[in-house]
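> Sending over a structure as structure tokens; questions will come in a sec.
The values are calculated or read from the model by the stated rules, or taken from the named source; none is laboratory data. Model, not experiment: these values are computed from the prediction. Cβ placement follows ideal geometry from the backbone for every residue including glycine, while neighbour counts extend to all protein chains displayed. Areas reflect the complete protein model, heavy atoms only, side chains present, ligands, DNA and RNA absent. Shrake-Rupley method; radii C 1.70, N 1.55, O 1.52, S 1.80 Å.
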Amino acid sequence: KNFFRIQGHDLPLQKRKPDFFSLPEKAVLAFAGKEAALFSEKAEFRQITPVFIFFNPESTEKALQFICAVTDAAEYFGGYFNKADFGDKGWICLVIFGAPVCHEDNTRRAADFVLMMKEKFSDIQFKAGITCSKAYCGIIGGENQCEYTAVGDAVNTAARLAAKAEYSELIISGQVYELL
């Protein structure tokens, strides 16, 4: 098997948090997206291809345009737009291929996604890293805030590859190279 399901556990010493899936469907769709709202398990380990993107827009307006384009392109190629953030490392986006929806050609889809973004957005500087590996995928967080995401070496390494890249460059892991 390529993944393992974590179906539940007992928490005898603490009260269980409210179930993510008991939230109104409209709220889940607004914050987590259709794929995560339809995800029927709490979490699982599965093979993913994360794409980590650092970008450098000239303005907040350009950043929003880029994030919207990343979201649209991720959907087009069957990826899951996980997050956009601005912090001490600048603007970042994470797109996951293989979770919560898996395709047999996730790695090809991830590469095509980045190449299309490079072609479409030559006016915004960005760099990306792509890896593939097993990762923990599921709902994380607590009672007041939670999200569907992927956590593990695959995501961390994709972020490190993106950080090492020069702007307009894509760095892929050896495993991604072999799969492509």
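> What is the residue count in region 87-98 for residues that are assigned to a strand (DSSP E or B) and surrounded by 12 or more Cβ atoms within 10 Å (Cβ to Cβ)?
Residues meeting the conditions: 8.
> Here's something else I'd like to know. Given the conditions (1) without any contact (Cβ under 8 Å) to a residue 40 or more places away in the chain; (2) within 21 Å of Thr157 (Cα to Cα); (3) open to solvent by 10 Å² or more (accessible area, probe 1.4 Å), and given that Asp72 satisfies all but one, which numbered condition is not satisfied?
Evaluating Asp72 over (1) without any contact (Cβ under 8 Å) to a residue 40 or more places away in the chain; (2) within 21 Å of Thr157 (Cα to Cα); (3) open to solvent by 10 Å² or more (accessible area, probe 1.4 Å) leaves (2) as the failure.
> Another question about this same structure. Need the failing condition index for Asn82 against (1) among the polar types (S, T, N, Q); (2) open to solvent by 80 Å² or more (accessible area, probe 1.4 Å); (3) assigned to a strand (DSSP E or B), just the number.
(2)
> Related question: If you take the residues in region 45-69 that are of a type in the set (Val, Ile, Thr) and closer than 14 Å to Phe126 by Cβ, which one is most open to solvent (accessible area, probe 1.4 Å)?
In the first step, residues of region 45-69 are kept if they are of a type in the set (Val, Ile, Thr); the result is 48-49, 51, 53, 60, 67.
Cutting the leftovers down to closer than 14 Å to Phe126 by Cβ gives us 51, 53, 67.
Values: Val51: 0, Ile53: 2, Ile67: 27 Å².
By that ranking, first place goes to Ile67.
> On to the next question. Run Leu115 past the list (1) open to solvent by 50 Å² or more (accessible area, probe 1.4 Å); (2) among the aliphatic types (A, V, I, L, M); (3) assigned to a strand (DSSP E or B) and report the number of the one that doesn't hold.
For Leu115, the exception is condition (3).
> Please specify each residue of region 119-128 satisfying the condition of being of a type in the set (D, E, K, R) and surrounded by 15 or more Cβ atoms within 10 Å (Cβ to Cβ).
Lys127
The rows are residues; the columns are (1) under 18 Å from Arg160 (Cα atoms); (2) not charged (D, E, K, R).
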| site | (1), (2) |
| --- | --- |
| Ala63 | no, yes |
| Gly90 | yes, yes |
| Leu115 | no, yes |
| Phe121 | no, yes |
| Gly138 | no, yes |
| Glu147 | no, no |
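> Could I ask something else about it? For the structure I just gave you, tell me whether Thr131 is open to solvent by less than 30 Å² (accessible area, probe 1.4 Å), hydroxyl-bearing (Ser, Thr, Tyr) and either farther than 16 Å from Thr107 by Cα or in contact with a Cys (Cβ under 6 Å, 6 or more places away or on another chain) (or both).
Here the answer is no, as Thr131 does not meet what is asked.
> Ok, one more. How do the pairs read when you match residues in region 102-121 that are within 15 Å of Tyr177 (Cβ to Cβ) with residues anywhere that are among the β-branched types (Val, Ile, Thr) and assigned to a helix (DSSP H, G or I), using Cβ under 7 Å and keeping only pairs 6 or more apart or on different chains?
Pairs found: Thr107/Val176.
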